[in-house]
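The values are calculated or read from the model by the stated rules, or taken from the named source; none is laboratory data. These figures come from a predicted structure and were not determined experimentally. Cβ: placed from backbone, ideal geometry, glycine included. Neighbour counts: every protein chain shown. Side chains included, ligands, DNA and RNA excluded: accessible areas come from the protein's heavy atoms. Shrake-Rupley method; radii C 1.70, N 1.55, O 1.52, S 1.80 Å.
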There are 6 protein chains.
Amino acid sequence: MDDCRECAILCRSLTRDSIVFRNRSSPIQPLVEYEHSTGLVREVFDDIRATRKTNEINNFWKAIANHPPTLKRTWETLKEVMGGPGELDPLVRELIYLAVSVSNGCEYCIASHRAAAVNKGMTDTMFGELMSVVGVANMNNRLANGFQVPVDHKFK
Amino acid sequence: MDDCRECAILCRSLTRDSIVFRNRSSPIQPLVEYEHSTGLVREVFDDIRATRKTNEINNFWKAIANHPPTLKRTWETLKEVMGGPGELDPLVRELIYLAVSVSNGCEYCIASHRAAAVNKGMTDTMFGELMSVVGVANMNNRLANGFQVPVDHKFK
Amino acid sequence: MDDCRECAILCRSLTRDSIVFRNRSSPIQPLVEYEHSTGLVREVFDDIRATRKTNEINNFWKAIANHPPTLKRTWETLKEVMGGPGELDPLVRELIYLAVSVSNGCEYCIASHRAAAVNKGMTDTMFGELMSVVGVANMNNRLANGFQVPVDHKFK
Amino acid sequence: MDDCRECAILCRSLTRDSIVFRNRSSPIQPLVEYEHSTGLVREVFDDIRATRKTNEINNFWKAIANHPPTLKRTWETLKEVMGGPGELDPLVRELIYLAVSVSNGCEYCIASHRAAAVNKGMTDTMFGELMSVVGVANMNNRLANGFQVPVDHKFK
Amino acid sequence: MDDCRECAILCRSLTRDSIVFRNRSSPIQPLVEYEHSTGLVREVFDDIRATRKTNEINNFWKAIANHPPTLKRTWETLKEVMGGPGELDPLVRELIYLAVSVSNGCEYCIASHRAAAVNKGMTDTMFGELMSVVGVANMNNRLANGFQVPVDHKFK
Amino acid sequence: MDDCRECAILCRSLTRDSIVFRNRSSPIQPLVEYEHSTGLVREVFDDIRATRKTNEINNFWKAIANHPPTLKRTWETLKEVMGGPGELDPLVRELIYLAVSVSNGCEYCIASHRAAAVNKGMTDTMFGELMSVVGVANMNNRLANGFQVPVDHKFK
């Protein structure tokens, strides 16, 4: 019973003050669920399902579905760039994508593309090495900026 | 003779106004040339030469040699992270490094690591694909930010 | 009763481990509420209320009120830049502000200026178009960096 | 005659040491000129010429033409996002694009899109106001970060 | 009793939808606790404890301990750069570190280094002044970018 | 004579192709020289001269003088933030400003504030230490992002 009272107090303060992305109305647009999708959005959602061989659609697509032309263009671009034919292995493309997302600090993209990279074979050691390279590149980029290093003639 | 006069005028205005990183004195520190290096700097320079199997030392190292502890630490870190044993292929590490540098817009690092990646086997097509992934990741990072996409439960 | 016990356990783990910005003491400074404000802070708060025609003061102002000169300078700058006379429509200024905040990934600024833009007339379609432009600019900025595109003579 | 000798010395040192993006060989790929373009690249170049009603093709397109799929996808995306139908005025879209490029510090994109914005009607005053907003947004984004401002409940 | 039911509903929705970093399994690696650490990780953890004169180890170290070489290299670098001998006061180094973290928007680093700076003597006023400088630098960096200001000859 | 011809050819190609910010007309606005300044711009320029005790006015101010309200606001803000009374030493403020500019890669700001820091007493060793801290902070910011480190309870 004490548990329950304490809990109720905590819950209310949590709902009042914390960063919870729940039950948004305005100004944030709601996620578009597959079941409520129609027209162009439904077509893209069906292609996502077919391409990825799963009925689940990630929140990213449900969110940008609020602007159908952006959904369509973004999906087609991603599908071609990350999954189309090419010389770079799909796992390598994921590592590059993840490296950029980590560098930019995009929480959503880090979470989703880390999962995608794991799916395509990224081991924990590979992730650690990836982070090392991303860290060092970010450090050395600033050393080059700060010391105002002139580009070597042979690199031009 | 007209050529010559016109040329002289152009040259002088170029030297006066353009962005030329030449003959710097203060406040920018001069590049430390191998021939003038001593002590810790000379040791690191020798290790760079031995590791890279070339007498040439890039401007990056010559610039940060102005602060020897930074030179030493940075070189040892880079040597280990980019060239040490690991699960990621050295070319893949270069691609990741280049991706970060492009994303951050570090001109020096783009020029030098693009050359390094070419040395390790990056083809023009691979470079094009790398740029596509970097571009798309930068675009989608912002779509995720702007639409304030909540992280899917399965990615946590 | 089972509900209650399960709930109590969840609540405790939430409070222990989650990102909740509640009941902060040190090191984060508390929000300065209008009721407790005095002097310079009170003056600025009164001007915010009068200018915005509402008694509500956003957390941004309550937080930076911990350093009154920053509060004063920031408010005066924002008031002039976003609301002063000019050739750019106030809605256009909000769109630009939002574009920068999305590009930088500032969660607070995205949330508050998205709301501000909606208040000034941004429709869902406009938001989608804004996000498209922000996304493409971020992508193309990196393509220009990576391909090291020389600036066309006519743009200088 | 003295002029001429001095000039010759200056010129040689300029060509040797300065940042000049001319006569690149490897590792930077050459710009693809319209005259030498074929196949997919030629098709895109023709569409750029027709859409923009000018024979001139900017260096950006000539550079990314080294990877034809990137050229095609990037052009189609840009054409649709910046020039397609929509609720945002084409000038407003340019202002947003420019704001992002300035915020990211992409020199090429700033130069080319500033010119584009001028073409679509941006006055010097509008540019000044745009810069003010971009500057203030970048400042306030960091104040929000640093003071760790919790998002107001009403913005969720 | 009503309290309890309402609370249970809230709790469940919180666990389902909110950003809670709890009970992660894959794809995010668990924090490595001191008690479970062995070998290289244990050695570094012991050095952290000895250096900082506390048994507590921050989550940052527990997280990167998933890749022991990164843990070791990062700790040694940080220890030397932030705590080693030098001309810059340790508090000044913390202010610089914090300035960069705020500029990049790294939530974890802002929280932990703000605490570290407070420990080393940063007052609330100093923090406010630091934020002012960080804000103004971010603003003016963009004004310099946007107005494409040529570097003064005397600064080269 | 051969010298002269070769030189003329070089000069012309340099002027045609290189990145030279000289003799700009449209679309880049010209620098506003003191001699041609009037009204508000002249007032601010006079205050800059008086405050800095030199007749020289940096290009930054000459460039943003194209939008007088931005000139005035930016100067007053900078003067107060960098030079006003406070707990942080003016040199420390310059170091923080420089750290942010290096992190953002703003070439102009790095050059001008490096000179300003030297003026206020920054030694070469201090600069090297500053760069180390900036580098490490940029590295560790990304490690924290990538490993998705949860904020320790004690930092909230």
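Observations on the structure shown:
- Here the calculated FRET efficiency for residue D:123 and residue F:79, from their Cβ-Cβ distance with R0 = 30 Å, stands at 0.55, rounded to the nearest 0.05.
- Net charge of neighbours whose Cβ lies under 11 Å from the Cβ of residue F:129, counting Lys and Arg as +1 and Asp and Glu as -1: -3
- Cross-link pairs A:53/E:62; C:156/E:156; B:156/D:154; B:154/D:79; A:154/B:53; D:154/F:156 - those with Cα-Cα distance over 28 Å: A:53/E:62; B:154/D:79
- Which of C:101, C:91, C:121, positive extreme of dipole for the range C:87-148 (C-beta unit charges): C:101
- Dipole in debye (nearest 20) - the range E:87-148, about Cα centre, beta carbon charges: Lys, Arg +1; Asp, Glu -1: 160 debye
- About its Cα centre, the range A:20-156 has a charge dipole of approximately 280 debye under the convention of +1 per Lys or Arg Cβ and -1 per Asp or Glu Cβ, with nothing else charged.
- Estimated FRET transfer efficiency (residue F:87, residue C:89; beta-carbon r; R0 25 Å; 0.05): 0.05
- The share of alpha-carbon pairs in the range B:86-148 lying farther apart than 16 Å comes to 47%.
- Each peptide in E:30-40, C:40-50 was scored by the mean count of other Cβ atoms within 10 Å over its residues; highest first, the order is C:40-50, E:30-40.
- Accessible area of the range A:25-85 belonging to carbon and sulfur atoms, whole % at 1.4 Å probe: 53 percent
- Charge-dipole axis of the range F:25-85 as Lys and Arg at +1 and Asp and Glu at -1 on Cβ define it, positive-most pick from F:32, F:66, F:82: F:82
- Shielding score for C:74-83, defined as the mean number of other chain Cβ atoms within 10 Å: 5
- Buried area at the F-E interface (accessible, heavy atoms, 1.4 Å probe, summed, Å²): 5700 Å²
- With both labels modelled 7 Å from their Cα along Cα-to-Cβ, the residue D:33 to residue A:50 distance reads 4.5 nm.
- Take each peptide in C:61-73, D:51-63, count the other Cβ atoms within 10 Å of every residue, and average; sorted highest first, the result is C:61-73, D:51-63.
- Test item: E:57-69 mean partner chain Cβ contacts at 10 Å: 6
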